[in-house]
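Presented below is the structure to which this report refers.
The values are calculated or read from the model by the stated rules, or taken from the named source; none is laboratory data. Everything quoted here is computed from the prediction, not taken from an experiment. Here the Cβ positions follow ideal geometry from the backbone for every residue, glycine too, while neighbour counts run over all protein chains shown. In case anyone asks, the SASA skips ligands and DNA or RNA and just uses the protein heavy atoms, side chains included. Shrake-Rupley method; radii C 1.70, N 1.55, O 1.52, S 1.80 Å.
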Amino acid sequence: MEMLLTHGYFLHEDPKELQIMKPYPPLGILYLSSHLRAKGFDVEIFDTTFSSPGQLYDVLRSAPPSVLGIYTNLMTRPAVLGILSVAKEAGWRTVVGGPEPAAYVEEYLQRGADVVVFGEGELTLEELIPALRDGGRHALSAIDGIAFRGEHGQVQRTPPRTQIRDLDGQPWPDRELIDIDRYVQTWRTHHGAGSVSLITARGCPYRCRWCSHEVFGKTHRRRKPALVVDELEWLLNRYVPDMAWIADDVFTIHPGWLSQYAAEMKRRRLKIPFECISRADRLNAQVADRLAELGCFRIWIGSESGSQKILDAMERGVTVEQVQSAVALCKSRGIQTGMFLMWGYVGEEMEDIEATITHVKRTNPDVFLTTVSYPIKGTPYFDEVAPKVMSSRPWAEGSDRDYLIAGRHSRRFYKFADQLLRSEVDLARSTKGNGHLADSLGAADLQSRIEEARAGLKSAFFEVEA
Ligand code: B12
Ligand code: SF4
């Protein structure tokens with residue numbers, strides 16, 4: 001074996017994810033594997049999702065060491081550092097890639113990574129595997145898109161790697177090397193429908209300040225519609241899923257592409273329920289029609305805030321009204337809507353929180369998810385708040401989600417904001433339709449939760465995060 005690819009996501013170590021139980025396979029390393037195998041490399045994958053650190057460590061200690069490549073995102077940092085330390089002890093040469101390590105090159109090099117890879121890994125690994133096997137530091141300095149320690153221990157970075165121009169020339173992800181059926185079955189057991197994932201494009205050209213663009217930059221490259229349909233058709237035949245998730249950043253970014261894709265699906269008489277993510281400004285009547293016709297049952301829309309001031313501060317590039325009409329449009333086509341919302345962005349005041357509550361009540365999506373905003377290193381948002389960023393845990397034990405922002409309201413404050421939002425929306429829902437309270441007891445409960453949340457917001461108003 002010339003390379004073992006893995007990732008640090010262990011479902012059974014994550015109590016929150018164990019409740020959610022919606023695992024998806026790590027497409028990035030599956031793409032790396034298929035590319036490298038097509039080039040003649042002997043590559044294997046250790047999929048950690050349903051496994052345990054101990055099982056991976058056993059493999060690392062017992063297999064003849066070669067090159068270990070690890071996908072890392074901001075949540076998997078501690079697990080990846082554990083893997084690096086065992087791998088180094090066992091004599092592996094180690095490479096880390098994915099969205100996280102580029103922002104923490106020194107830290108990863110210090111804790112066991114021999115090389116950090118920036119951006120897409122396919123072309124870089126093709127050169128890196130032989131260099132790590134046969135060459136020394138000199139060989140590394142000729143490879144674009146990496147960082148490593150030079151002769152005197154200094155961090156050496158090479159020029160950026162050119163991205164793959166033609167995604168259609170790339171093989172599909174190597175799903176057959178891992179147990180996809182187990183993913184599908186896990187979905188089916190916990191949600192009644194087995195799901196598969198695929199991507200139709202790479203990268204997003206928008207500039208939302210808090211969003212990580214480490215891997216694909218601001219490019220957007222799409223695959224040909226018919227070739228995506230080939231992959232989906234194969235997935236349907238091979239794994240017989242009940243639904244699919246199109247894991248693109250903005251699936252509906254290109255209406256012309258979507259129409260061609262829909263026409264090809266229709267021509268082959270293919271249809272599968274699916275969910276995807278989009279932006280309010282990339283949805284219009286024609287796009288909503290295509291989505292409905294294709295079987296889209298839920299669309300996730302980044303709404304983030306009901307305050308235009310905050311949306312503008314985020315450089316989100318959409319208006320509150322656009323979100324409201326996009327949600328209404330999708331609903332009118334029978335597509336469920338999910339909204340992402342963020343508390344605590346720079347500049348958010350009580351009136352912006354109220355605006356978000358009014359917005360969600362008015363928009364009434366089927367489901368909404370909230371987070372307290374966190375600055376991901378490498379993003380403009382992080383740079384903006386950097387002087388106020390404080391760590392709540394040692395770097396190696398946490399993630400960028402643990403950053404505190406000095407002077408911002410406390411987590412307790414945002415818990416009350418969340419309680420207020422949820423109770424207000426539930427109350428508004430219970431009174432909608434027939435114009436009176438559907439359940440007077442429920443309504444009374446909600447009213448008291450609203451009062452409790454408002455009192456909580458007042459009492460926590462001067463509590464700050466750090
Ligand atoms: C699908 C997805 C998910 C899914 C499923 C994850 C999965 N198993 O696939 C779900 C919904 C579960 C999810 C959850 C989260 N996600 Co997510 N997710 C994505 C998304 C939209 C697509 C991932 C994908 O398939 N990409 C396509 C493949 C081809 O790209 P790739 O994985 O990056 O791989 C390439 C390179 O990174 C590189 N590479 C990858 N691995 C390796 C390894 C080596 C050795 C090398 C050399 C190179 C290399 O080469 C690959 C091929 O070119 C990305 C955004 C994006 N467009 O990538 C966000 C993204 C990865 N997620 C992100 C975040 C923040 C999260 C959450 C923390 C969100 C939250 N608040 O809960 C959680 C964390 C979950 C966890 N416990 O790990 C961030 C990560 C930021 C960061 N710095 O780490 C991203 C980048 C979104 C963003 N733009 O901010 N996510
Ligand atoms: S949040 Fe979505 S639309 Fe904005 S830059 Fe990131 S991927 Fe693109």
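Give the residues of the stretch 312-342 that are within 16 Å of ligand 1 (Cβ to nearest atom) and open to solvent by 10 Å² or more (accessible area, probe 1.4 Å), sorted by residue number.
Start the filter on the stretch 312-342 by keeping residues that are within 16 Å of ligand 1 (Cβ to nearest atom), which leaves 314-317, 338-342.
Hits for the stretch 312-342 are 315, 316, 317, 340, 342.
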(request) Pull up the stretch 382-421, narrow it to residues that are in a loop (DSSP other than H, G, I, E, B) and farther than 30 Å from residue 447 by Cβ, then point me to the one that is farthest from ligand 2 (Cβ to nearest atom). (result) 394
(request) Search the stretch 21-41 for residues that are within 14 Å of residue 177 (Cβ to Cβ) and assigned to a loop (DSSP other than H, G, I, E, B) and pair each with any residue that is among the hydroxyl-bearing types (Ser, Thr, Tyr) and within 8 Å of ligand 1 (Cβ to nearest atom) when their beta-carbon atoms are under 8 Å apart and the residues are at least 6 apart or on different chains. (result) 25/49; 25/197; 26/9; 26/49; 26/71
(request) Please work out which one of (1) within 12 Å of ligand 1 (Cβ to nearest atom); (2) in a loop (DSSP other than H, G, I, E, B) is the condition residue 193 fails and give its number. (result) (1)
(message) For the structure I just gave you, tell me whether residue 329 is away from ligand 2 (no atom under 15 Å from the Cβ) and in contact with a Cys (Cβ under 9 Å, 6 or more places away or on another chain).
(response) no
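Looking for whichever is charged (D, E, K, R) and buried (at least 22 other Cβ atoms within 10 Å of the Cβ) here; the options are 44, 100, 106, 89. Which one fits? So that I can check it myself, show each step before the final result.
Numbers: 44 fails: buried (at least 22 other Cβ atoms within 10 Å of the Cβ); 106 fails: buried (at least 22 other Cβ atoms within 10 Å of the Cβ); 89 fails: buried (at least 22 other Cβ atoms within 10 Å of the Cβ).
None of the others qualify; the one that does is 100.
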(request) Take the residues in the stretch 106-145 that are of a type in the set (Asp, Glu) and within 23 Å of the chain's Cα centre (by Cα), then tell me which one is farthest from ligand 1 (Cβ to nearest atom). (result) 107
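Okay, residues lined up against (1) among the acidic types (Asp, Glu); (2) surrounded by 20 or more Cβ atoms within 10 Å (Cβ to Cβ); (3) under 24 Å from residue 31 (Cα atoms):
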{"residue": "157", "(1), (2), (3)": "no, no, no"}
{"residue": "166", "(1), (2), (3)": "yes, no, yes"}
{"residue": "173", "(1), (2), (3)": "no, yes, yes"}
{"residue": "179", "(1), (2), (3)": "yes, no, yes"}
{"residue": "189", "(1), (2), (3)": "no, no, no"}
{"residue": "193", "(1), (2), (3)": "no, no, no"}
(message) Residues to consider are 29, 45; find the one that is within 23 Å of residue 244 (Cβ to Cβ), in contact with a strand residue (DSSP E or B) (Cβ under 8 Å, 6 or more places away or on another chain) and within 9 Å of ligand 1 (Cβ to nearest atom).
(response) 29
(request) Working carefully through the options 84, 56, 68, 74, find the one that is open to solvent by less than 10 Å² (accessible area, probe 1.4 Å), over 18 Å from residue 144 (Cα atoms) and within 11 Å of ligand 1 (Cβ to nearest atom). (result) 68
(request) Report, by residue number, each residue of the stretch 259-271 that is open to solvent by less than 10 Å² (accessible area, probe 1.4 Å), closer than 22 Å to residue 173 by Cα and of a type in the set (A, V, I, L, M, F, W, C). (result) 265
(request) Would you tally the residues in the stretch 416-439 being modelled with pLDDT of 70 or more and either loosely packed, with under 12 Cβ neighbours inside 10 Å or not hydrophobic (A, V, I, L, M, F, W, C) (or both)? (result) 10
(request) For the stretch 195-210, name all the residues that are within 12 Å of ligand 2 (Cβ to nearest atom) and open to solvent by less than 30 Å² (accessible area, probe 1.4 Å). (result) 201, 202, 203, 204, 208
(message) Consider the stretch 211-242. How many of its residues are away from ligand 2 (no atom under 16 Å from the Cβ), loosely packed, with under 15 Cβ neighbours inside 10 Å and not in a helix (DSSP H, G or I)?
(response) 1
